[in-house]
Amino acid sequence: MSTFPLTGSQTVGPFFSPALLREGARRNVLNRPETAGERIRIEGRVLDGDGVPVPDAMVEIWQANAHGRYNHPAHQWPVELDSSFLGFGRSGTEEDGSYWFETVRPGPVPFDAEWQRLQAPHICVTVFARGLLNHLVTRLYFEDEPTNAGDPVLQHVPDHRRATLLARREPGSARVVYRFDIVLQGAGETAFFNL
């Protein structure tokens, strides 16, 4: 029996800009004109531990539609599947670390198989960036959502870290805009999930 030496780890990237983020590969707009639900825009920046913008990160989101159903065959929640809503988005960051998505506010989704407990409306967020051995996974919740207090996942996040998962509604905009900055480490680090 032969043995093989261990292969060392390698950080993610730096291949996002040329390989995955060319203009045709971006999926910043998840909805169409006929998509049901409240139209929202998510804007934010990806920042490193020193507060410096990360200009070459990739942010992906996955979310339920306005009725609370994911566009996935295994999700059998008995609510309407909106065929005009993609539910998945990908955005590269700009030189100032900014990213954006045009989407709809998601509905609540079930937490358990019996559909007895619901999760507050949220968006699953994955971040890929240079220097990371693995991608980072977090969630975006809406600060003005009354059901956040009963969300079974958010309740497991320590109190002092919950604010890092809340997207804040931007005042004075003609459309609904939520701001969600992602801090990769250090003071104000976004709460990430170990999946």
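Compute a Gaussian network model of the chain, connecting alpha carbons closer than 10 Å, and tell me which residue from ALA74, ALA149, ALA163 fluctuates the most. The residue with the greatest mean-square fluctuation here is ALA74. Over the chain, the fraction of Cα-Cα pairs per 5 Å bin, rounded to whole percents and listed from the shortest bin up, is 1, 7, 15, 19, 19, 16, 11, 6, 3, 2, 1, 0, 0, 0. Assuming charge only on the beta carbon of Lys and Arg (+1) and of Asp and Glu (-1), the dipole of the chain about its Cα centre is about 240 debye to the nearest 20.
Comparing mean-square fluctuations of LEU133, LEU154, LEU81 from a GNM of the chain with C-alpha springs under 10 Å, the top value falls on LEU133.
Going toward the positive end of the dipole of region 78-186, with +1 on Lys and Arg Cβ and -1 on Asp and Glu Cβ, which of LEU165, PHE88, VAL183 do you reach last? Farthest towards the positive pole: VAL183. Would you be so kind as to identify which of LEU154, VAL79, MET58 lies farthest towards the positive end of the dipole of the chain, taking Lys and Arg as +1 and Asp and Glu as -1 on Cβ and the Cα centre as origin? Highest projection toward the positive end goes to VAL79.
Fewest neighbouring Cβ atoms within 10 Å first, the residues ILE61, ILE40 line up as ILE40, ILE61. Largest GNM mean-square fluctuation across PRO171, PRO55, PRO152, computed for the chain with C-alpha springs under 10 Å, falls on PRO171. Evaluated at q = 0.13, 0.25 Å⁻¹, the base-10 log of the normalised Debye intensity for region 35-122, with identical point scatterers placed on the Cα atoms, takes the values -0.52, -1.14.
Only helices enter the 222 nm calculation for the chain: every DSSP H run of n ≥ 4 contributes -39,500 (n - 2.57), and dividing by all residues gives -500 deg cm²/dmol, rounded to 500. Would you work out the charge dipole size for region 41-80 about its Cα centre, treating the Cβ of every Lys and Arg as +1 and the Cβ of every Asp and Glu as -1, and quote it to the nearest 20 debye? So the dipole magnitude of region 41-80 works out to roughly 260 debye.
FYI, it's all coordinate maths here, none of it is from the lab. Just so it is clear, the structure is predicted and the values come from calculations on it, not from any experiment. For neighbour counting, all protein chains shown are included, and Cβ atoms are generated from backbone atoms with ideal geometry for every residue, glycine included.
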